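A.B. asks: Once you've had a glance at the structure underneath, I'll fire off some questions.
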Amino acid sequence: MTLDPRLERNLPAILAGLGAGPPPEYTDALLERISHVRQRPAWVFREWWLPAARAPGKERIPPLSWRLVVLVALLVLTLVMAGILAGVGHGRRLPAPFGPAGNGAIVYGTGGDIYAGDSVTGTSQAIVSGPTYDFRPGYSPDGSTVGFLRRVDAAKAGLTNIVVVPADGGQPRVITTVPLAAEPGWWSWTPDSRSIVVMMSASRDSTYDVFDTTKSSPPRVITPAIPIDPPMAFQPPAGGRIVVRGHVGSQIGLYTMGIDGSNLTPVVNPFTSLNDQIDLVYPAWSPDGTRIALQRATTDGSTTALYVMNADGTGDRQIDATAGAAAAGWAVWSPDGTRIAYQWSDGVRDSNGYFIYSWAVLRVADGTIIKTGPSLAYDTVATWSPDGKGILILNMVQGHPQLILDPEGGPARSVTWSAVGGDWERIAP
């Protein structure tokens, strides 16, 4: 059987017409709506960014090399681990170098080892121990690092290195490339916690050294315009200037200058003192950097009194008026700048003829003086607790317990260790 050729040719069109049916009623509305919709911009198509994909025969992006995938994965992992380690390293919030802070441990040296003690529980643990002889430790202002001195020969004083160690313990690191010729007369951290300043003489030093604690390298040797005496005090809040006692011939004066010895500026013009051993001694900045407290000799040079002045030397006035005091000095500002702790004596002397001292606290606003702590027949210096609620008395003679005084006049308490010197760690409040 055969079909009409015309029917065979037209059959597909006939079937298509039968299956299509009439257009939907919403066709006109749909066309009206989409006529107002913009086409997608060209940049959303991969061909816009990958020209090779538009080239003839390049309709697909070639697969990535597995080596490239591994390399990228390793790079991402490295960056993630670096971020984690950075977070661990900086997880501890550091305090500012000046002003109130939280109380951390008390670092001290005894028997050639370095310890950190808890002022509340009285317990302590070794930070550095072993056959070396380590002594005179001090925290960096940010509390992260402990610096200390180490004898080259543990059995005797002489050649000395400067060493630093993380505050929570770790591997000590010597930062002196050549040992110091002797134990320095004074040393201190700079406010940025990156350098240590060393003065070899206890008085009248013509140079001083600045060591970079981040590496072992020769120090910067600073030669100020005139010989100066330790201690030097760093001016808050930046710490870029220091205040020192200086010598001009046989006269003494008080000066400020840059840490590099530049811009020497007199605060108290040089003069001939009746007793330069006790005059213009131990200058200390207020925490806001606007005032200086210090010890001055009385007019006849027989004893000492406590003075305060503005940063430029104006407003110089005596501020101690402790009943029965025969001497006063060694001022230490509280972290908030509202009080000054200082030594005073009622004139009683020990068997060697030296004054027996006690400590008192002066309220700067109204001049109120609070006596605190026992009489001490041995040399001491003081440092405030970072929160300003206690005063740590540091012994300069081995064998005496360290004390924590109440600045409000309450009973003092002894810690359980005996040490020479020490320092109180500052932590973020």
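A.B. asks: Once each part is reduced to its C-alpha centroid, what is the distance from region 143-167 to region 277-339 in angstrom?
C.D. replies: Between the Cα centre of region 143-167 and that of region 277-339, the gap is 32 Å.
A.B. asks: Please order Phe135, Phe271, Phe355 by the number of other Cβ within 10 Å, starting at the fewest.
C.D. replies: Phe271, Phe355, Phe135
A.B. asks: Sort Asp366, Asp312 so that the residue with the fewest other Cβ atoms within 10 Å of its own Cβ comes first and the one with the most comes last.
C.D. replies: Listed from fewest to most nearby Cβ atoms, that is Asp366, Asp312.
A.B. asks: Taking θ as phi - 60°, what are the ³J(HN,Hα) couplings along region 329-346 by the Karplus curve (6.51, -1.76, 1.60), each to the nearest whole Hz, with x for Gly and Pro?
C.D. replies: For region 329-346, the Karplus curve yields x, 6, 6, 9, 6, 5, x, 8, x, 8, 9, 10, 8, 7, 7, 8, 9, 8 Hz.
A.B. asks: Something else now. Given H placed on each backbone N at 1.01 Å, which residues far from Ser195 in sequence or on other chains put an amide H within less than 5 Å of it?
C.D. replies: Thr190, Thr213
A.B. asks: Further, regarding this structure: Give, as a single signed number, the net charge of other residues whose beta carbon lies under 13 Å from the beta carbon of Thr372, with Lys and Arg counted +1 and Asp and Glu -1.
C.D. replies: Net charge in that neighbourhood comes out at +3.
A.B. asks: When Val128, Val381, Val146 are ordered from fewest to most other Cβ atoms inside 10 Å of their Cβ, what list results?
C.D. replies: By the 10 Å Cβ count, ascending, the order reads Val381, Val128, Val146.
A.B. asks: Amide H to amide H under 5 Å from Asp134: which residues, 5+ apart in sequence or cross-chain, H placed 1.01 Å off N in plane?
C.D. replies: Here the answer is Gly112, Asp113, since their amide H atoms fall under 5 Å of that of Asp134.
A.B. asks: Quick one: Karplus J couplings for region 135-144, per residue in order, coefficients 6.51, -1.76, 1.60, θ = phi - 60°, nearest Hz, x for Gly and Pro?
C.D. replies: Once θ is set to phi - 60°, the couplings for region 135-144 become 7, 6, x, x, 6, 5, x, 8, x, 8 Hz.
A.B. asks: Could you tally the net charge around Ala101, taking each other residue with its Cβ under 15 Å from the Cβ of Ala101, Lys/Arg +1 and Asp/Glu -1?
C.D. replies: Net of charged neighbours comes to -1.
A.B. asks: Let me ask another. Using alpha carbons only, how many angstrom separate the centre of region 369-429 from the centre of region 229-265?
C.D. replies: About 27 Å separates the Cα centre of region 369-429 from the one of region 229-265.
A.B. asks: For the pair Lys156 and Thr177, what calculated FRET efficiency results from E = 1/(1 + (r/R0)^6), where r is the Cβ-Cβ distance and R0 = 22 Å, to the nearest 0.05?
C.D. replies: 0.50
A.B. asks: For the pair Ala428 and Asn352, what calculated FRET efficiency results from E = 1/(1 + (r/R0)^6), where r is the Cβ-Cβ distance and R0 = 51 Å, to the nearest 0.05?
C.D. replies: Using R0 = 51 Å, I get an efficiency of 0.70.
Each reported figure results from applying straightforward, stated rules to the coordinates on display, with no laboratory input. Predicted model only: the values in this text are computed from it and were never measured. FYI the Cβ positions are ideal-geometry reconstructions off the backbone, even for glycines, and counts take in every protein chain you see.
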